[in-house]
Each structure stands twice: as C-alpha cells, then as structure tokens.
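Colleague: My questions all concern the structure below.
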Amino acid sequence: MSEAHKRKWLEISRNYGTLTPQAQATLTSRMNEWVALSPQQRAQARLNFGRTQELSTQLTPEEKKAKWEAYQALSPEEKNKLAAKGAPRPAGAAIAVKPVPPQKLATVPALSASQPVPRAATKISPSTVAPAPAALPGPATIPAPQR
C-alpha cells in the first residue's frame, strides 16, 4: 500500500467515530464492496470517477442529483444498454490513466517463427568468477601448562 493510501485510510479511521451510525454503515458497506473488486475493476472505477468528476464540474448540485435519481430509476436492462453504448473496455492488464498520443508510442518489431531469438552472450570471463574461498584454519589448540 502506498504512503498516500495509508494516509487516506488513517484519516478515514480518525473521522469514523464522528460519523452518524447511518454514515458509518454506509462507509463500511462501501469499503466491503471496494475490497471485493479485482485490481482491474478498481482501476476502471478510478478512471470512471475521474471522468465523472471532470463532467460534474459543469453541473449544479441539483442537476447532479436529478441525473443520479433518473439513473437509479432505470431498470437493469436499461442500465446494461447504457453501459453497452459507453466506451469499450480496453484490452490488456494495465489501464492507462490518460491515453498516450500515438506519436509517443514506440513500435515493437514482431519476430517471425523462422527468426532465431537473440541470445545473450554465455561466455564467462575468468576474471568475473569469484575465487574459491580460502580454507579456514582448524580449531585452535591450547598448549598444556608446563610444570
């Protein structure tokens, strides 16, 4: 967990006691939902949140509430239709926060099956090999006292 995430969770824990029981229950249920998401789903949720924040700066609080209530009133089928109209999900393991312009992307040459895979040199120089450890002396012997 990054330092920023740790600070955020510590701040939430400090404020938890000041919340109403209803707000505590809401926070707990949301935390449980978040924990159940896969890392990829969390990344998608963060992207969606960022997009929503950008768009919501143009709306008044009343307009936001009206849009949310209208969405909540939709049937599951209508919600699925809206989701299908949205931007397609990116393929791959990592999701970019902001799309990278094509001119900044490097092209990766494709290897054909007939081309040998380049190998690193396997010759080892004797100077790079560590010398064998020196033999350790045996147990010390203590001479017997002379009389």
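Colleague: Need the failing condition index for Ala84 against (1) surrounded by 10 or more Cβ atoms within 10 Å (Cβ to Cβ); (2) under 30 Å from Pro99 (Cβ atoms); (3) among the aliphatic types (A, V, I, L, M), just the number.
Modeller: (1)
Colleague: I would also like to ask the following. Working only within segment 17-72, note down all residues that are farther than 30 Å from Pro99 by Cβ and not in a helix (DSSP H, G or I).
Modeller: Gly17, Thr18, Leu19, Thr20
Colleague: What pairs come up if the first residue lies in segment 100-116 and is hydrophobic (A, V, I, L, M, F, W, C), the second is at pLDDT below 75, and their beta carbons are under 6 Å apart, counting only those six or more places apart or on different chains?
Modeller: none
Colleague: Here's something else I'd like to know. Would you confirm whether any residue within segment 65-72 is among the hydroxyl-bearing types (Ser, Thr, Tyr) and more than 25 Å from Tyr16 (Cα to Cα)? Outline the logic, then answer.
Modeller: The initial filter retains those residues of segment 65-72 that are among the hydroxyl-bearing types (Ser, Thr, Tyr), namely 71.
Now narrow it down to the ones that are more than 25 Å from Tyr16 (Cα to Cα): 71.
Yes, because at least one residue in segment 65-72 is among the hydroxyl-bearing types (Ser, Thr, Tyr) and more than 25 Å from Tyr16 (Cα to Cα).
The values are calculated or read from the model by the stated rules, or taken from the named source; none is laboratory data. Since the model is a prediction, treat every value here as computed from it, not as a measurement. Virtual Cβ from ideal backbone geometry, glycine too; neighbours counted across all protein chains shown.
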